[in-house]
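The values are calculated or read from the model by the stated rules, or taken from the named source; none is laboratory data. Every value quoted in this text rests on a predicted model; they were computed, and no experiment measured them. Positions of Cβ are generated from backbone atoms using ideal geometry, with glycine treated the same way; all protein chains shown enter the neighbour counts.
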Amino acid sequence: MDIEFLLNGETVRIASQPATRTLLDWLRETRKLTGTKEGCNEGDCGACTVMVTSLLEDKLQHQALNACILFLPQLHGKSVRTVEGLKGPKGELHPVQTAMVEHHGSQCGFCTPGFVMSMATAHQNGFRNHDDMLAGNLCRCTGYAPIIRAADAAAKIPTPDWLTDELDQLQAMQPAKGQDIGGAYMPQTIAELANWYADNPDATLVGGATDVGLWVTKKLASLQKICLLGQIAEMRRIIVSETAIRIGASVNLNELQEVMAEHHPDFAEMIRRYGSNQVRGAATIGGNIANGSPIGDGPPALIALGATLHLRRGAERRDLLLEDFFVDYGKQDIQPGEFVEAVSVPRQTDTLKCYKISKRFDQDISAVCGCFNIVVTDQVVKSVRIAFGGMAATPKRALLVEKALLGQPWTDATIRSAIGEFSKDFQPIDDMRASAAYRLMVARNLLTRYFAETQLGQNYTRVLEVDA
Amino acid sequence: MSVNTPIAHDSGLMHVAGEARYTDDLPSPEGTLHLAFGLSEIAHGEIEAMDLDPVRKAPGVIAVLTALDLPGDNDVSTAGHDEPLLSDGTLHYHGQPIFLVIADSHLAARKAARLAAIDYVERPAILDIDAAIAANTVIEPPIEFLKGTPDEAINSAPHRISGRLEIGGQEHFYLEGQVALALPQEGGDMVVHSSTQHPSEIQHKVAEALSLPLHSVRIEVRRMGGGFGGKESQGNALAVACAVAARQTGQACKMRYDRDDDMVITGKRHEFRIDYRVGFDAEGRILAVDFTQYARCGWSQDLSLPVADRAMLHADNAYHLPHARIRSHRLRTNTVSNTAFRGFGGPQGVIGIERVIDHIAHELMIDPTEVRRVNYYQSFNHKAGETTPYHMEVTDSIIREMAEKLEKTAEYKARRIAIAEWNEKNPILKKGIALSPVKFGISFTLTFLNQAGALVHIYSDGTVHLNHGGTEMGQGLFTKVAQVAADAFGLPFKAIKITATDTGKVPNTSATAASSGSDLNGMAVKAACDQLRNRLIQFLKTEHGVKPAEIKFADGKVHVGKKVFTFAQIAAAAYQNRVSLSSTGFYATPDIEWDRIRGRGRPFYYFAYGVAVTEVVIDSLTGENRILRADILHDVGRSLNPAIDIGQIEGGYVQGVGWLTTEELVWDKRGRLMTHAPSTYKIPACSDRPDIFNIELWQRGLNREKTVYRSKAVGEPPLMLGISAFLALSNAIRACGDGTVYPALNAPATAEQILFAIERQRNGGRNGS
């Protein structure tokens, strides 16, 4: 069946395109809409940012997403707005466009359409934290200051009325539901997915395509059979009960950030620096876990929280501790046809601190990601879970360090004796992000930081908290 | 007046609407073919056998070309005739193009390019500075500038220190990757649209490749999505590939590098090592200095000779060096051929002497700004003629006044004290602050390049068509030059039509580089406009019987005695009276001459100055760091456009900070670049700019030389203001120990480098615990 979506307010139907054709290639090559630019083709520069609007329980959700790593079937039933569709019916500029000109926010102009679309989406959503909203848009000319001035100025102008009429259109659109939408299988329920995937274990499951997208655009893989998870509403739910927070595998990182802000704020702060707004809006926690990357930021935090993974194959379900899921580099405890349905975090008093160490603060992959969850009662360590990314072939607990801390008095001396255990827990490697020596030194120092934060507070340990 | 006003970028409205067309956006003819290179998988060696059948049989492939299939010269070098478009069998770096795929889509070409089966004979590769020194592989023999008797002066100085600074390279990361589109013409002629800073060189290389005279090849570029020097020579290969493929197939051919290919194939800023010996007195006054600069040039010459020259020419920065030796080694390595990058070697030279100043201050335990103050060149009104190490008299220095002013407005001294107090109270986080100046020489050091041409038409409706040899890469050149044209005719800015750079309109152009764009092209345009205006004045004088002084062009009107006409009326009348309404203009920079081998002369028409103060905070547990505040005072002479100039300063500073902090190029032991995409190579992001960012233009600025409206060049100099951030990091690191160990920080100062430097502070200068 055809893919159907709105493009700048007009309905488009796409029949004959490969299921992994990216929105960016289609816009530029087929539709000749060349305002959306290709800067990196991997979701790291934001030059291809478009606004994607979807209907969620009769409410509009506007997201800025990278068109270079969006497959066309992912847009089924949604609305896409490109820079060409931002002006008003009489050619009036959107407030962010006016502000960008007035504040000299463009120099070479190549990144500008992407910035404008991120800014317009933030404007539509009423988001004012522009550093976060624009962390995924790289500019090499301006040094960003005039762009931020433009975003601040535009925030004072109301949203133009010509952008608010998509609700009716999206409600009126009745996109086909079925086995094959534009060459991709698109189940509506978990049961459908479970049955189909058990029979088609060779298929590639696609959550947000922030990882799979690169297999196509960079490794030039030809994926013969893909299954898109985005339409399964049950897999997008977060259920907070008295005992656990159950997070559906298709929950995206922005949604996870929102729920964690309430329960484990430092996890939320780390997610703020996970990818960019565009990446977090697409990337799913299930994907972050299932791809088994040793440098994903979700697993260390979840392991430190004692998370349980819920796997399913056909009608069979099994649970395991998340840390046991990661067997070795590129090897997870998962069977053909089995998939991640959800992950659960036990409810607990928040003692979690998450430390993401990377070359750049925003939108960078961690060299080391250390997550510490230590409960101290009466100055004695009552429980401890410490997990790291970037230190081994998989996300991994620091079991010997934990052992050296458990039951010990919460003192400087305990910390000093425990940090020696890091080199027994971990033998990290040299790569382009950091050397093994740096990784190990930082891992040790992060325990010192955790201790210092319990004694002094974060104002004394985090450069992001220091005022100019 | 249009000049001196903050007019927005001429394409601003099109940028924000996605309507500004870049080369890949141009509507291309039906049947346009797409190209991709097959790349070397080894850093050094020969091709033993190559099976391209799988490439030829891949879906969508039209043809595959190797060096043997080329119709003309197999060379895309700037000067050395040492860079084949496609390998001649020898491989000099990992990523070198070997064969060319012509296919019916960009994706098909990319996919096919990976299917070749190549057997290599691998040879030992010279990958870094140490290996090149050991093997003595060079691009040219060492060059030396000598002033006075540095050895004697160092040996007899009251204080002496020596040290070494390693400086990493930098990827340009223009947001628009390299791209070209060739359109075959009748009679074998070729038109190429290229994202290039140097259309004339593209014209030359395409003509050589097709064995055509220059008049048969025309190059056009309306705008680039960023250049920064990376499109001065690195577009040659794509343009030539497109032209060759278009000749072969008879179809339009387009080529754009995927980002990873772009970063692997194209040259970068030169990595440098600088060894220094310096003698100084108790106040920190430099008595003599001896620099040895090692530049990692990569596998071919490209622009490495003038880049290394400019590093030498900036080894003094803003400081008078009574005795100096500057020796430069140009090292050949089996890595990508390094190329022009904003500053063109100047930044490496500048950071060398800034390190020396910082080291002297540490040695004397005094504020580095005090050391700077006693070493700055005297101001221009001073009688003593101080000379640079290349024997040019510095007659226009304003650095003392600028530094003094910024120290006050940035409250440098008070903040330095406050920072020391803050550091006392903070065991883990430490702040640092530093001031650094820049003096940057303006002119191409290859003197004949300092020329430019323009072509201006007035149409009979009074509208103006403007063309010149400069290219627009975002720096606002077209806007500034159009302001000059608008003022010449008293017209509003919008009356000037800015048109694409075109070798068919203005021939024999120099690259838009060396910050010289508006100096050269602004003057050429002014010359063309002045000629046209003089013709109109002559015509009106005769027609209306008035004196030339009674004719004024202002506010879109022409005042002729007491009568007032629209410019359109005058244009129409001139046309009716058979007055030529088209003119070329030409400019050549006066008063410059340079002997690069002897290291003597006046290579620069003038100097541009600037000064910055940066405050940072670092985390002594992780090396993480952040810029809290930057204050900049910069000299642009009398600004042609303050908004554009401030934009260049802000952007240049942030780009300079990126070079010295997060932008780390990593090669593996086989010579493969590991940081070949934005996922692994980290340019500054939005939140990396300083929290507080104050920028001021030097209000007393006025170029002493007769430049266009007495403005000064602004493209490159502000990049070097980022050095203040590097020095501030060093200052913060020093606060982590007892102050006895000099941090000797290398660039880029990644969190890792900073943490290791902190460890040395805490271990009495030794590495790691």
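Could you please give the count of residues in region B:17-40 that are within 11 Å of chain A (Cβ to nearest Cβ), on the phi > 0 side of the Ramachandran plot and surrounded by fewer than 22 Cβ atoms within 10 Å (Cβ to Cβ)? Number of matching residues: 0. Would you check which residues across region A:237-263 are in contact with a strand residue (DSSP E or B) (Cβ under 8 Å, 6 or more places away or on another chain), surrounded by fewer than 18 Cβ atoms within 10 Å (Cβ to Cβ) and either closer than 16 Å to A:S366 by Cβ or polar (S, T, N, Q) (or both) and list them? The one that is in contact with a strand residue (DSSP E or B) (Cβ under 8 Å, 6 or more places away or on another chain), surrounded by fewer than 18 Cβ atoms within 10 Å (Cβ to Cβ) and either closer than 16 Å to A:S366 by Cβ or polar (S, T, N, Q) (or both): A:T243. Pairing each residue of region A:414-438 that is facing chain B (nearest Cβ under 10 Å) and closer than 29 Å to B:R670 by Cβ with any residue that is surrounded by 14 or more Cβ atoms within 10 Å (Cβ to Cβ) and of a type in the set (D, E, K, R), provided the two are 6+ apart or on different chains, yields C-beta distances under 7 Å for A:R433/A:K359; A:A434/B:E752; A:S435/B:E752; A:Y438/B:E752. Search region B:436-492 for residues being among the acidic types (D, E) and outside any helix (DSSP H, G or I), and hand back the single one that is surrounded by the most Cβ atoms within 10 Å (Cβ to Cβ). Checking each candidate, the answer is B:E472.
Based on this model, can you work out whether B:A677 counts as under 22 Å from the mean Cα position of the chain (by Cα) and assigned to a loop (DSSP other than H, G, I, E, B)?
Against the criterion (under 22 Å from the mean Cα position of the chain (by Cα) and assigned to a loop (DSSP other than H, G, I, E, B)), B:A677 qualifies.
Results for (1) assigned to a helix (DSSP H, G or I); (2) over 21 Å from the mean Cα position of the chain (by Cα); (3) modelled with pLDDT of 95 or more; (4) assigned by TED's automatic domain parsing to the domain that holds A:P175, shown as yes or no for each residue.
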{"position": "A:C68", "(1), (2), (3), (4)": "yes, no, yes, yes"}
{"position": "A:P73", "(1), (2), (3), (4)": "yes, no, yes, yes"}
{"position": "A:L93", "(1), (2), (3), (4)": "no, yes, yes, no"}
{"position": "A:T98", "(1), (2), (3), (4)": "yes, yes, yes, no"}
{"position": "A:H104", "(1), (2), (3), (4)": "no, yes, yes, no"}
{"position": "A:Q107", "(1), (2), (3), (4)": "no, yes, yes, no"}
{"position": "A:F110", "(1), (2), (3), (4)": "no, yes, yes, no"}
{"position": "A:M117", "(1), (2), (3), (4)": "yes, no, yes, no"}
{"position": "A:A120", "(1), (2), (3), (4)": "yes, no, yes, no"}
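Scanning region A:406-424 for residues that are touching a strand residue (DSSP E or B) at 6+ places or on another chain (Cβ under 8 Å) and either surrounded by 21 or more Cβ atoms within 10 Å (Cβ to Cβ) or among the polar types (S, T, N, Q) (or both) turns up A:Q408, A:T414. Those strands (runs of 3 or more DSSP E) of region B:145-256 in which 1 or more residues are modelled with pLDDT under 95 are absent. Within region B:530-550, restricting attention to residues that are assigned to a helix (DSSP H, G or I) and among the aliphatic types (A, V, I, L, M), the residue that is surrounded by the fewest Cβ atoms within 10 Å (Cβ to Cβ) is B:A549. Of the strands (runs of 3 or more DSSP E) contained entirely in region A:321-385, those carrying at least 2 residues that are in contact (Cβ under 8 Å) with a residue 60 or more places away in the chain and over 24 Å from A:R439 (Cα atoms) fall at A:339-346. Candidates are the residues of region B:504-529 that are among the small types (G, A, S) and assigned to a helix (DSSP H, G or I); the one that is farthest from B:E705 (Cα to Cα) is B:A528. Could you tell me which residue of region A:293-313 is surrounded by the fewest Cβ atoms within 10 Å (Cβ to Cβ), considering only residues that are in contact with a Lys or Arg (Cβ under 9 Å, 6 or more places away or on another chain) and among the small types (G, A, S)? Once the filter is applied, the top-ranked residue is A:G306. On the basis of being of a type in the set (A, V, I, L, M), farther than 17 Å from B:T335 by Cβ and in a strand (DSSP E or B), does B:A112 make the cut? Judged against the criteria, B:A112 is not a match.
Based on this model, can you work out whether B:V616 counts as closer than 25 Å to A:Q458 by Cβ, at pLDDT 95 or above and touching a Gly at 6+ places or on another chain (Cβ under 7 Å)? When the stated conditions are applied, B:V616 passes them.
For region B:305-329, the set of residues classified as within 24 Å of B:D262 (Cα to Cα), surrounded by 24 or more Cβ atoms within 10 Å (Cβ to Cβ) and either touching a residue at least 40 places away in the same chain (Cβ under 8 Å) or over 15 Å from the mean Cα position of the chain (by Cα) (or both) consists of B:A308 only. Of all the listed residues (B:R689, B:R704), the sole one being closer than 25 Å to B:V350 by Cβ and more than 14 Å from chain A (Cβ to nearest Cβ) is B:R704.
Here is the figure for region A:264-292: residues that are crowded, with 24+ Cβ neighbours inside 10 Å, part of a helix (DSSP H, G or I) and not hydrophobic (A, V, I, L, M, F, W, C) total 6.
You will find that of A:D152, A:D132, the residue that is touching a residue at least 12 places away in the same chain (Cβ under 8 Å), more than 7 Å from every other protein chain (Cβ to nearest Cβ) and under 28 Å from A:E42 (Cα atoms) is A:D132 and no other. Summed over region A:83-112, the residues that are under 16 Å from A:T34 (Cβ atoms), buried (at least 24 other Cβ atoms within 10 Å of the Cβ) and either of a type in the set (V, I, T) or within 7 Å of another protein chain (Cβ to nearest Cβ) (or both) give a count of 6. Total residues in region A:447-468 satisfying the condition of being within 7 Å of chain B (Cβ to nearest Cβ), in contact with a strand residue (DSSP E or B) (Cβ under 6 Å, 6 or more places away or on another chain) and assigned to a helix (DSSP H, G or I): the figure is 1. Being more than 20 Å from A:A434 (Cα to Cα) and over 23 Å from the mean Cα position of the chain (by Cα) is a property that B:A725 lacks. Go through region B:602-646 and give me each residue that's in contact with a Ser or Thr (Cβ under 6 Å, 6 or more places away or on another chain), of a type outside the set (A, V, I, L, M, F, W, C) and not in a loop (DSSP other than H, G, I, E, B). Listed by number, the residues that qualify are B:T614, B:G637, B:D645. Scoring B:G610 on the criteria (1) more than 10 Å from every other protein chain (Cβ to nearest Cβ); (2) over 30 Å from B:F493 (Cα atoms); (3) in contact with a helix residue (DSSP H, G or I) (Cβ under 7 Å, 6 or more places away or on another chain) leaves a single failure, condition (2).
Residues in region A:386-403 that are on the phi < 0 side of the Ramachandran plot and either in a loop (DSSP other than H, G, I, E, B) or buried (at least 23 other Cβ atoms within 10 Å of the Cβ) (or both): 11 in all. Entry remark, region A:181-235: residues being over 26 Å from B:L115 (Cβ atoms) and assigned to a helix (DSSP H, G or I) number 13 in total. Considering region B:635-657, the residues that are within 15 Å of B:I692 (Cβ to Cβ) and at the interface with chain A (Cβ under 8 Å from one of its Cβ atoms) include one that is surrounded by the most Cβ atoms within 10 Å (Cβ to Cβ), namely B:Y653.
Annotation: B:Y609 fulfils all but one of (1) more than 26 Å from the chain's Cα centre (by Cα); (2) touching a residue at least 12 places away in the same chain (Cβ under 8 Å); the unmet one is (1).
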